[in-house]
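The values are calculated or read from the model by the stated rules, or taken from the named source; none is laboratory data. Note that this is a predicted model, so its numbers are computed, not measured. Here the Cβ is made from the backbone with ideal geometry for all residues, glycine too, and neighbour counts use every protein chain on show.
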């Protein structure tokens, strides 16, 4: 059977325990406590809770393991009071102080925060004055034009909030980002495999296709002990409730916020089931039509000629029997992959194990949460061969960007730590493109840099030409190696910038500048459909995790997934190059 792609990256780049669901739960609780304390005017408590929430998210290790070692105080921001709260949650599954605050503010802070323009105090004003508790009641209040009349809001704010709700809804409010859910999905799979009750266990569905967001999780299993296996699944810490429990299919609600279907499949049909339940629906319909045209019947049990099953134990056999090359899961969207597999033009797309580097990350020197040494150590442990350290430049004040003096000091440390740890690191910068299109650092400082990643973060205009010209001027400066997160979108929060992407691509090609594929889940930028559209334009792509913590380094996998979904071959992805070859490529 074709390998389970959810396991490939972890097997090649082990990142330690993947049980991070409790970290996320605690981080969300402390984030809500921070919001409520800010509403109540308790600034220092709010800051303390917000700090520990950020650090729990960035841990990269199950907080319960730290609890067992009695090391909770070693987490930055955890003092005696917060330690007691974490201990209570681990031991009792609740935090009394949080429950007390939620009684006063029974508000869905988690989703309301996703609406651009809403902070804790505005959320509180909406709740206190209009009874707004969630996105749905906010929409109702806007539709009734009740929001504009509140102090500090007005008609413009009301219109912007309505637009924010539209962006939120368009991203799929009932869906979650795969990059955020992936660790927990893998943890659930690892837990179930560890019971010894499953002969085979595979992730299917949109998670296997590596879609940027998912609405549910599909798991396929074979087991000779189905009763015990079912009980282990239902009783796991990942499950919050049972929807349906049958002999061959169980549906549960996950604490992640989505459902999970576990289907038991006979061993001789698991390849056919994996093909069928990986989807997409349109791909499957096209494939079934092809089977019918050849006199076959294709379903989740196998490929049949009359009553005889001629394939089904593995996916490859299904495709081969239909006269097709094997189609990687990420390509199964019915966008021409079946025709390409039929006529021999299906590309040999970049593999996860081809990725040697990460070209975008941050340390606590700017807005990251881990030190240079910690980031280098984790990157090495994850199996990367080299990386680019790209802290923000001074123009992005909100991210504590570095001025020339601080960059000079940091670059010296990069050289020292890189040599000491045996982890090659390029001296880089995520360089702010200023309002007029000029660059945020002077030539002398840029001369110290190995890799310059230019980005728009501020002064975004509604005018397409103005935004495009800023990027083009940076590209033509001769000092830039790549353009970061080119569309500027934040999924569910901010729509893409209004830019002429075709012109940007053209100028990148003319000036030997790469286009970034940013794997940070909320960005996922460039989107896969755009990558697919421009894959043959001649431009090359640089993958980056945009990591702001050691835990975030795993996001390089999702940049690679976008590259795969965009049909990119290894020669189009600069991260497949050795360090020496990459240095030759960027030498100007």
Scope the stretch 143-157; condition more than 13 Å from residue 127 (Cα to Cα) and in contact with a helix residue (DSSP H, G or I) (Cβ under 8 Å, 6 or more places away or on another chain); matching residues: 145, 148, 151, 152, 153
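Do we have residue 538 as in contact with a helix residue (DSSP H, G or I) (Cβ under 8 Å, 6 or more places away or on another chain) and at positive phi here?
yes
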Residue 388 passes all but one of (1) assigned to a helix (DSSP H, G or I); (2) within 19 Å of residue 485 (Cβ to Cβ); (3) in contact with a strand residue (DSSP E or B) (Cβ under 7 Å, 6 or more places away or on another chain); which number fails? (1)
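Where in the stretch 416-520 are the helices (runs of 4 or more DSSP H), entirely inside, with at least 3 residues that are closer than 22 Å to residue 574 by Cβ and touching a residue at least 12 places away in the same chain (Cβ under 8 Å)? So that I can check it myself, show each step before the final result.
On the way: elements: 443-446, 464-475, 501-510.
So the answer is 464-475, 501-510.
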Go through the stretch 159-180 residue by residue and tally those that are in a helix (DSSP H, G or I) and either at pLDDT below 90 or out of contact with any strand residue (DSSP E or B) (no Cβ under 7 Å at 6 or more places or on another chain) (or both). 14
Sole miss for residue 281 among (1) free of Cβ contacts under 8 Å to residues at least 24 places away in the same chain; (2) more than 23 Å from residue 184 (Cα to Cα); (3) in contact with a helix residue (DSSP H, G or I) (Cβ under 8 Å, 6 or more places away or on another chain) is condition (3)
Please verify whether the stretch 409-427 includes one or more residues that are surrounded by fewer than 23 Cβ atoms within 10 Å (Cβ to Cβ), touching a helix residue (DSSP H, G or I) at 6+ places or on another chain (Cβ under 8 Å) and over 18 Å from residue 579 (Cβ atoms). yes
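Only one residue in 582, 541 is at pLDDT 95 or above and more than 20 Å from the chain's Cα centre (by Cα). Which one? Steps first, answer last, please.
Values: 541 fails: more than 20 Å from the chain's Cα centre (by Cα).
Within the list 582, 541, the selection yields 582.
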Residue 156 fails exactly one of (1) surrounded by fewer than 20 Cβ atoms within 10 Å (Cβ to Cβ); (2) not in a helix (DSSP H, G or I), namely (2)
In this structure, is residue 322 surrounded by 14 or more Cβ atoms within 10 Å (Cβ to Cβ), within 18 Å of residue 268 (Cβ to Cβ) and without any contact (Cβ under 8 Å) to a residue 40 or more places away in the chain? no
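If the requirement is being modelled with pLDDT of 95 or more, within 24 Å of the chain's Cα centre (by Cα) and within 30 Å of residue 473 (Cβ to Cβ), which of these qualifies: 366, 357? If you could, list the steps in order and put the result at the bottom.
On the way: 366 fails: modelled with pLDDT of 95 or more.
The match here is 357.
Got a number for residues in the stretch 187-226 being out of contact with any strand residue (DSSP E or B) (no Cβ under 7 Å at 6 or more places or on another chain) and surrounded by fewer than 20 Cβ atoms within 10 Å (Cβ to Cβ)? Explain how you work it out, then say what you get.
Kept after step one, since they are out of contact with any strand residue (DSSP E or B) (no Cβ under 7 Å at 6 or more places or on another chain), are these residues of the stretch 187-226: 187-188, 190-191, 194-197, 208-211, 215, 224-225.
Filter once more, keeping what is surrounded by fewer than 20 Cβ atoms within 10 Å (Cβ to Cβ): 190-191, 194-196, 215, 224-225.
Of the residues in that region, 8 qualify.
Tell me the residue from 82, 90 that is crowded, with 19+ Cβ neighbours inside 10 Å, in the same structural domain as residue 35 (by TED's automatic domain parsing) and in a helix (DSSP H, G or I), please. Quick ask: steps written out before the conclusion?
Numbers: 90 fails: crowded, with 19+ Cβ neighbours inside 10 Å.
Only one candidate passes the filter, namely 82.
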